[in-house]
1. Assign one of three labels to segment 130-172, namely rounded, prolate or oblate, based on the Cα gyration tensor with a ≥ b ≥ c the square roots of its eigenvalues; rounded applies when a/c is under 1.5, prolate when it is not and a/b is larger than b/c, and oblate otherwise.
2. Among residues other than Glu156 whose Cβ falls under 12 Å from its Cβ, what is the net charge (Lys/Arg +1, Asp/Glu -1)?
3. Hey, how many Å between the Cα centroid of segment 98-127 and the Cα centroid of segment 174-211?
4. Rank-order 143-152, 352-361 by packing density, defined as the average count of other C-beta atoms within 10 Å over each peptide's residues, highest first.
5. Mind checking the dipole of segment 233-352: about its Cα centre, +1 per Lys or Arg Cβ, -1 per Asp or Glu Cβ, Debye to the nearest 20?
6. Just rank Phe113, Phe214, fewest to most, by other beta-carbon atoms within 10 angstrom.
7. Specify the residue with the greatest mean-square fluctuation among Lys17, Lys172, Lys79, computed from a Gaussian network of the chain linking alpha-carbon atoms under 10 Å apart.
8. Output needed for segment 234-367: three equivalent-ellipsoid semi-axes, defined as square roots of 5 times the C-alpha gyration tensor eigenvalues, in descending order, whole Å.
Amino acid sequence: MHRIRYIMVGGFLGAGKTTTLGRLAAHYQGQGLNVGIVTNDQATDLVDTNTLRGQGFDVGEVAGACFCCNFDELMETMKQLSADERPDIILAEPVGSCTDLVATVIQPIKRLFDAEFTIAPYSVILKPSHGRRILRNEKRAGFSPKAAYILTKQLEEADAILINRIDELEQKQVDELVALVGEHHPDVPILRVSARSGDGFDALIELLEQEGDFGRRVLDIDYDIYAEGEAELGWLNSSVRIASPETFSLDELLLEVVRELREKLAEQDAETAHLKVIGLWEGFFGVANLISSESEPELSLPSNCDVNEFDLIVNARVACDPVLLEQSVRSVIAACCARRGATAEYRQTQSFRPGRPVPTHRFDPDT
């Protein structure tokens, strides 16, 4: 029986998982392989899913809970990707605020579905902006120690750690990150990559092709700290229809929304873990994002379109009360629309704090 290669890439919110999966998917398709992608979120209307589908990939989505807490839906989603043409590779992107994925996802797949899947090395992307401050143990790392606990645990269970965005960093900054990671995880391979430019991806692909008993680093984890750290993040997914009598630049509006949200949240001392917006219009799309309060907004995928109506999806993960987060998002969208004489019709909004993780399965090496 043909076994599917399961490649899961983890990392904190804003680490660059979606861009990494998109680049990997394009590579494998170029090799003539069938590729499926599974995205994951605590809510519906996921920017990542729309972004990857917009690039022509076959994407399934597990929404409403993380892979570990919705393991059965993960397996069903992968089965649906196999319905028409069985994939050679499935790329999986877990929620960026989740950890303990070796014990709750990889080990259950190995033990329950070994005949159907082979497991690639579990790679975790280090987000330089927050990772540097957390690994340095800085007092103002952007998040509380409980939220920082999640990022450190993600690294602890990795078969390999990817330092992303090397194209945006000075060489001395990259070297410092390599030294910090090596100090905390001396026996774990470290790769320097840029998901955006593709630098370092030959080494990553070579790593992912290795055969062996991967996904063995089962964590000793405190679920109370983990749950409290996740619950410190306000979570918002919103879908809005924007329409105006006059045309305007879609990309300019997307960047404006992100820029003004950054300013408004900074005034409230609310650290951004990740903020993403996508504008969808007649087969075209643009994406803008912000990966931390100290970063600059980025138009990661320009649409180069002028529009008078489009669908806007906002995904925001911010260390603040979700009520405050929703108020900020609505206020900024209203102001951006008013400048263009546009109206905003909200189709759906979900704002909340993630609940306590309750995995479907958890492998315990002591039992």
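1. Values: a/c = 2.68, a/b = 1.23, b/c = 2.18.
In terms of gyration-tensor shape, oblate.
2. Numbers: positive: Lys153, Arg217; negative: Asp100, Glu157, Asp159, Asp187, Asp220.
Its environment carries a net charge of -3.
3. 19
4. 143-152, 352-361
5. 280
6. The most exposed by this proxy come first: Phe113, Phe214.
7. Lys172
8. So the equivalent ellipsoid measures 30, 17, 14 Å along its semi-axes.
Where a number appears in this text, it was derived from the coordinates with a stated rule and is not lab data. Computed from a predicted model, the values in this text were never measured in an experiment. Please note: Cβ atoms are built from the backbone with ideal geometry, for glycine as well, and neighbour counts cover all protein chains shown.
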